[in-house]
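Here the structure is laid out as structure tokens; the discussion comes afterwards.
No lab work stands behind these numbers, since they all come straight from the coordinates. What you are looking at is a predicted structure, and each value in this text was computed from that prediction instead of being measured. Backbone-built Cβ (ideal geometry, glycine too); neighbour counts: all protein chains shown.
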Amino acid sequence: MLHTRVCDVFGIQIPIVNAPMAIAAGGELAAAVSGAGGLGLIGAMRHDAHWLQAQIRMVRERTDRPFGVGFVTHWLPDTPELYETALEERVPVIMHSFVDPAPYMPAAKKAGAKVICQVQTVEGAVKAAQAQVDAIVAQGTQAGGHTGLVSTMTLVPAVVRAVSPLPVIAAGGIADGRTMAATLALGAQGALIGTAFLASPESGYTPNQKRRILHMNSSDTVLTRVFEIARGDEWPDDIAGRADRNAFVDRWHGREEQLRSRLQEAAEALAAAIVDDDVSTAPVWAGTGVGLVNDTGSAGDIVRRIASEAERDLRDFQV
Ligand SMILES: Cc1cc2nc3c(=O)[nH]c(=O)nc-3n(C[C@H](O)[C@H](O)[C@H](O)COP(=O)(O)O)c2cc1C
């Protein structure tokens with residue numbers, strides 16, 4: 001059985017963590033991943049505190065294993081009640097993404113939570129290490145959803161070198177046993193996986209989003225800002241969103257100034273498509289690993305399969 005320091009730090013059996021994906025990772029997915037021996041994370045940012053409390057309690061009803069809640073931390077100042085809810089509910093693990101976690105550390109430690117921070121650069125990793133987090137996720141540009149510009153292949157070993165002996169978890173493009181084995185060879189102590197869970201029954205993706213995930217190839221994703229611009233939600237320059245290159249992307253990607261000048265029309269089209277589950281316009285966030293995802297097994301089966309295939313691939317590896 002694959003066993004790394006990440007297992008010891010978080011009290012889990014398999015060093016696989018599901019990404020705290022807004023909309024796609026609620027209590028159902030987190031409970032399934034934790035129940036299978038990984039670390040299940042709830043993505044907190046797209047709903048209110050009542051929803052978050054209900055998801056946390058659902059996980060506790062389904063499993064007594066460790067789990068956590070993940071925050072897009074640059075939005076947190078607008079919604080402090082979400083963070084307070086997670087701490088009041090005494091979740092065992094908190095994850096931050098996209099900013100320095102230092103201001104949040106004292107409260108998390110007081111509540112007895114372990115803290116993970118997801119970073120996109122070596123500089124971000126060093127800051128998170130100085131803040132005394134328990135593990136760092138090095139997120140490469142292959143990741144689905146919002147991500148940075150550096151490849152997983154080069155970011156992971158650079159972060160491992162910079163923050164050693166702190167455990168590093170790799171993210172971005174890990175979707176099967178071989179990609180998991182490769183990240184362990186890069187020095188990571190575990191994998192944080194989003195895209196490979198998106199078509200599972202426990203994912204919060206809509207039926208058409210799940211169908212699209214199963215049909216996409218690795219070359220169908222693009223790193224783009226068009227959805228954020230249309231939603232009036234601007235991110236830092238070195239972060240963009242990786243999503244399916246659908247008709248909305250084809251129309252506006254590379255024409256961002258034009259999009260800004262026709263914002264109302266684009267925003268209305270996007271909002272209507274989300275309601276109608278029309279994935280030719282609504283975003284289907286996915287990483288390049290989507291080309292490796294072609295079945296709809298349960299989230300627990302996905303955890304067990306990736307871990308056992310990685311173990312076999314590492315054992316049988318020859319050059
Ligand atoms: C649909 C989707 C939504 C995401 N939402 C979030 C989020 O709310 N917060 C966050 O920190 N990361 C989010 N991410 C990024 C993940 O944390 C993670 O880095 C990524 O899924 C890992 O790469 P992979 O998709 O190739 O497995 C999201 C990713 C996807 C695919």
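Which residues does a label at GLN132 reach in the range 10-53, if reach means a backbone N under 19 Å from a point 7 Å past the Cα toward the Cβ?
Those under the cut-off are 10.
May I ask you to compute the full-extension gain from GLU309 to ASP295, defined as 0.36 nm times their residue separation minus their alpha-carbon distance, rounded to one decimal in nm? Write down the numbers at each step before the final one.
On the way: separation 14, 0.36 × 14 = 5.04 nm, distance 1.56 nm.
Full-extension gain reported as 3.5 nm.
How much FRET efficiency would the formula 1/(1 + (r/R0)^6) give for ASP277 and PHE317, where r is the Cβ-Cβ distance and R0 is 35 Å, rounded to 0.05?
On the way: r = 42 Å, r/R0 = 1.21.
Computed FRET efficiency for ASP277 and PHE317: 0.25.
Normalised by the empirical 2.2 N^0.38 Å for globular proteins, what value does the Cα Rg of the range 237-309 take? Please report the intermediate quantities before stating the final value.
On the way: Rg = 16.4 Å, N = 73, 2.2 N^0.38 = 11.2 Å.
In units of the globular-protein estimate, the range 237-309 measures up at 1.46.
Could you tell me the convex hull volume per residue, in Å³, taken over the Cα atoms of the range 1-83? Walk me through the numbers on the way to the answer.
Values: hull volume 7.2 nm³, N = 83.
Cα convex hull per residue, to the nearest whole number: 86 Å³.
Å³ per residue of the Cα convex hull, for the chain?
Normalising the Cα hull of the chain by residue number yields 124 Å³.
Based on a Kirkwood Rh over C-alpha pairs, give the Stokes-Einstein translational diffusion coefficient of the range 1-155 at 25 °C and viscosity 0.890 mPa s in µm²/s.
Details: Rh = 15.4 Å.
Calculated translational D: 159 µm²/s.
Excluding residues on the same chain fewer than 8 positions from LYS127, give the lysines whose Cα lies under 25 Å from its Cα.
Of all the lysines, those that pass the test against LYS127 - Cα under 25 Å, at least 8 places apart if same chain - are LYS109, LYS110, LYS114.
With the crude spin-label approximation of a point 7 Å out along Cα→Cβ, what separation in nm comes out for GLU84 versus ASN217?
5.1 nm
Which helices of the chain meet both criteria: a Cα extent of 24 Å or more along the helical axis and a mean Kyte-Doolittle score no lower than 0.0, with helices taken as whole DSSP H segments? Don't skip to the end; give the middle numbers.
Working: long enough: 299-316 (25 Å, -0.79).
Correct list, ordered by number: empty.
Calculate, in nm to one decimal, what ARG161 and GLU228 gain on full extension: separation in residues at 0.36 nm each, minus their alpha carbon distance.
Details: separation 67, 0.36 × 67 = 24.12 nm, distance 3.34 nm.
Stretched fully, the ARG161-GLU228 segment lengthens by 20.8 nm.
How many percent of Cα pairs in the range 172-309 exceed 21 Å? Before the final figure, lay out each step's value.
Details: 4381 of 9453 pairs.
Result: 46 percent of Cα pairs exceed 21 Å.
Could you compute Rg(Cα) / (2.2 N^0.38 Å) for the range 147-247, with N its residue count?
Ratio of Rg to 2.2 N^0.38 Å for the range 147-247: 1.22.
What share of the DSSP beta bridges in the range 167-319 is antiparallel, in percent to the nearest 5? Spell out each step's value before the answer.
Working: 5 of 8 bridges.
Bridges in the range 167-319 that DSSP calls antiparallel: roughly 60 percent.
What trypsin sites (Lys or Arg not before Pro) in the range 82-145 are in a loop by DSSP, with at most 16 other Cβ atoms within 10 Å of the Cβ? Walk me through the intermediate numbers first.
Working: sites: ARG90, LYS109, LYS110, LYS114, LYS127; in loops: ARG90.
Those satisfying the criteria are ARG90.
How large is the Kirkwood hydrodynamic radius of the range 158-202, counting all unique pairs of alpha carbons, in Å?
On the way: mean 1/r = 0.0891 Å⁻¹.
About 11.2 Å for the range 158-202.
May I ask you to give the average projected area over all directions of the convex hull of the Cα atoms of the range 80-194, in nm² rounded to one decimal?
Its average projected convex-hull area is 6.9 nm².
To check you understand DSSP bridge types, tell me what percent of the beta bridges within the chain (both residues inside) are antiparallel, rounded to 5.
Percentage antiparallel, nearest 5: 20.
For the range 173-258, which GluC sites (Glu not before Pro) are both in a DSSP coil and crowded by at most 12 other Cβ atoms within 10 Å?
Details: sites: GLU202, GLU228, GLU234, GLU256, GLU257; in loops: GLU202, GLU234.
Taking the range 173-258 and a limit of 12 other Cβ atoms within 10 Å, the loop GluC sites (Glu not before Pro) found are GLU234.
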